Amino acid sequence: MFKKNIPCLPNIDLRSLFLLSVLFVSAACSQEVPFTDLSNAVVIEKPAVRIGETSLETANKDLETKPIESVYGSKLMDQRDIDAFPLRVDRDSQYYRFSGTYTESLTSDHLIIRTSVNVWEAGEYNFYGYLADDNGQVFLESDAKFTAVSGDNRVEMRFDLRQMKTHGVNGAFTLKGVNLFYDGHFAAEKYGDLYTTQSYNLDGVQPVPALFTGKNFSDRGIDTNGNGLFEKIELNVEIELAKAGTYTIKAMAGYAWGEVTKQLSAGKNIVPITLDLHGVVAARDRNPLVLKILSAYDDQGNLIAESLPRYVLQTQGFDRFEKPVVYIDETSFTDYLVDIDGKQGADFIGLDVDVVTQTAGEYMITYEVQDQEGHFLTQEEHYLVLEAGKRRLYLSIPADPFFQKRADGHYLIRFFTVFDENYLSVDSLQSFIYETQAYRYTDFQPFESIRDPQSLGAGSSITTGAAIQNGEVFVWGFRGSAQQGNGKLTVPAHHTRPPK
């Protein structure tokens, strides 16, 4: 949202800046788009207010008018936005122009700074304001969503006193910047020492219960089995609390997430959160891990703080994360036609894929086949004995569903999942879709499937299928390690493979 690397303009005092803005507005009035003359507007000064000890009823009643229909909010800014905040820039146009005049008032929970903006086109707008403390540090952002008319519009920047109290500085506050967005797109901006409020004492204001400071992030990978791969990441975040208590802190960095519940003290706390990486591996998410959401809850489960920090974790690299006991290489799928009798039409689609097995054993593979429109065609199951190491699996999909449903085009392989002998999922491509090459249903010959195929015998893999065709019974399967391609078919087979 902020402009970066903006060259500083010469130092100009506030009165000179105001006169320049008046001249600039006057010059713009000669354009074909008319604007309201705001040069007679004045800044109204107010008596000092000690919040929490002095009645607020006398503060700026002369400024209270019926507000435009708006939605207001304010938030404490993250350090990343504070560091990128421009020193001075003035960028508007003949279509959008700031008045350059401001007034302020106080309610029981907000400091309100008002100004005007002139727009050429009516519509939905966002008006942002940025407040700095008495030391010049920008810390608070306001956001007003409003429906503007063509011409002059009054806007209000409402800054939450609790958030100001949490920041912890008394004194005068300075409006350091405003910018305008129309229908989600940048329209105009102005930065500098735009307006300084009177001095405020916030001692009587209750601060927000919790605040993520946006500072002191750190992280490290956790390798529990000593193989050099990380199963988890320990992430440290800093949170400031108004009082001691039991809190739950949750964090999400893409598909990596974690939470911790613990007793924390009043003030600043460094909280370690363990992020689980299984979701990252399951989703095959090779993007950099970025901390996107932090949230804090009290002991009643109420959300008391939330932040969007955009912290890039130091622990990166999909190849450095622990994989499951059977890991499916989703980049290795290939498909081709299989004809087992050499006669008219293919009997199967061959589907090959690489897997890496850490623990040898018996496994089941399931997946769903859809047509190119996403309609269900069939669901397949394969029972295999896998040895440790990397192996290529040779699977087969019977042709009957494609022929019977007249399904032309590319077929979609979805929900490819490996189960162990206890029927527990060890790896699954839930978000991955493999698209085969294009086929026509006439590429296949129909057959009647035999239900409940039987095992080939003790110590062998289970048959992958059986069929009746032209009065003949065909049974196929692999004895031994089918995934290595060295099994023995019970009938001659002709494989039509794509060129390597």
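The values are calculated or read from the model by the stated rules, or taken from the named source; none is laboratory data. If you're wondering where the values come from, they're calculated on a predicted model, not measured in any experiment. Cβ coordinates were reconstructed from backbone atoms using ideal geometry, including for glycine residues, and neighbour counts include every protein chain displayed. Side chains included, ligands, DNA and RNA excluded: accessible areas come from the protein's heavy atoms. Shrake-Rupley method; radii C 1.70, N 1.55, O 1.52, S 1.80 Å.
Data table
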quantity: Close pairs from segment 398-417: first at positive phi, partner part of a loop (DSSP other than H, G, I, E, B), Cβ under 8 Å, at least 6 apart; calculated: Gly409/Asp371; Gly409/Gln372; Gly409/Ala438
quantity: Residues that are of a type outside the set (A, V, I, L, M) and within 31 Å of the chain's Cα centre (by Cα), drawn from segment 340-395; calculated: Asp354, Thr366, Tyr367, Glu368, Gln370, Asp371, Gln372, Glu373, Gly374, His375, Phe376
quantity: Subset of segment 309-366 [closer than 23 Å to Asn225 by Cα and among the basic types (Lys, Arg)]; calculated: Arg320, Lys323
quantity: Hits in segment 274-304 - residues which are under 19 Å from Leu211 (Cβ atoms) and either under 18 Å from the mean Cα position of the chain (by Cα) or open to solvent by less than 10 Å² (accessible area, probe 1.4 Å) (or both); calculated: Leu291, Lys292, Ile293, Leu294, Ser295, Ala296
quantity: Scope segment 372-404; condition basic (Lys, Arg) and surrounded by 14 or more Cβ atoms within 10 Å (Cβ to Cβ); matching residues; calculated: Arg391, Arg392
quantity: Cross-chain or 6+ apart pairs with Cβ under 8 Å, segment 190-205 first and closer than 30 Å to Val89 by Cα, then basic (Lys, Arg) and at pLDDT 90 or above; calculated: Tyr191/Lys176; Gly192/Lys176; Asp193/Lys176; Leu194/Lys176
quantity: Set Ile304, Ile328: member being in contact with a strand residue (DSSP E or B) (Cβ under 9 Å, 6 or more places away or on another chain), of a type outside the set (D, E, K, R) and within 30 Å of Phe139 (Cα to Cα); calculated: Ile304
quantity: Segment 305-319, residues that are out of contact with any Lys or Arg (no Cβ under 7 Å at 6 or more places or on another chain) and open to solvent by less than 40 Å² (accessible area, probe 1.4 Å); calculated: Ala305, Ser307, Pro309, Tyr311, Leu313, Gly317
quantity: Any chance Leu235 is assigned to a strand (DSSP E or B), closer than 30 Å to Val325 by Cβ and among the aliphatic types (A, V, I, L, M); calculated: yes
quantity: Members of segment 336-349 that are crowded, with 19+ Cβ neighbours inside 10 Å, in a strand (DSSP E or B) and of a type outside the set (Val, Ile, Thr); calculated: Leu337, Asp339, Ala346, Phe348
quantity: Wholly within segment 88-204, strands (runs of 3 or more DSSP E) carrying at least 2 residues that are within 32 Å of the chain's Cα centre (by Cα); calculated: 89-91, 123-132, 138-148, 151-160, 171-182, 185-201
quantity: Selection from segment 209-227 of residues that are in contact with a Leu (Cβ under 8 Å, 6 or more places away or on another chain), under 26 Å from Ser295 (Cα atoms) and in a loop (DSSP other than H, G, I, E, B); calculated: Pro209, Phe217
quantity: Any chance Val178 is touching a residue at least 12 places away in the same chain (Cβ under 8 Å) and under 13 Å from Leu194 (Cβ atoms); calculated: yes
quantity: Thr331 being modelled with pLDDT of 85 or more, touching a Gly at 6+ places or on another chain (Cβ under 6 Å), among the β-branched types (Val, Ile, Thr) and outside any strand (DSSP E or B); calculated: no
quantity: Leading residue by the ranking (nearest to Thr166 (Cα to Cα)) among those in segment 246-273 that are open to solvent by 80 Å² or more (accessible area, probe 1.4 Å) and over 14 Å from the mean Cα position of the chain (by Cα); calculated: Lys268
quantity: Residue, least open to solvent (accessible area, probe 1.4 Å), within segment 350-360, restricted to residues that are free of Cβ contacts under 8 Å to residues at least 40 places away in the same chain and either of a type outside the set (A, V, I, L, M, F, W, C) or in contact with a Cys (Cβ under 8 Å, 6 or more places away or on another chain) (or both); calculated: Thr357
quantity: Residues satisfying the stated conditions in segment 214-241, i.e. surrounded by fewer than 19 Cβ atoms within 10 Å (Cβ to Cβ), closer than 30 Å to Asp109 by Cα and modelled with pLDDT under 85; calculated: Lys215
quantity: Residue identified as modelled with pLDDT of 50 or more and farther than 29 Å from Val325 by Cα among Arg406, Arg414; calculated: Arg406
quantity: Within segment 380-423, tally of residues that are farther than 27 Å from Gln344 by Cβ, of a type in the set (S, T, N, Q) and in a strand (DSSP E or B); calculated: 1
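Here's the yes/no breakdown for (1) in contact with a Pro (Cβ under 9 Å, 6 or more places away or on another chain); (2) open to solvent by less than 10 Å² (accessible area, probe 1.4 Å); (3) not hydroxyl-bearing (Ser, Thr, Tyr):
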position: Trp120; (1), (2), (3): no, no, yes
position: Phe173; (1), (2), (3): no, yes, yes
position: Asn179; (1), (2), (3): no, yes, yes
position: Tyr195; (1), (2), (3): no, no, no
position: Leu202; (1), (2), (3): no, yes, yes
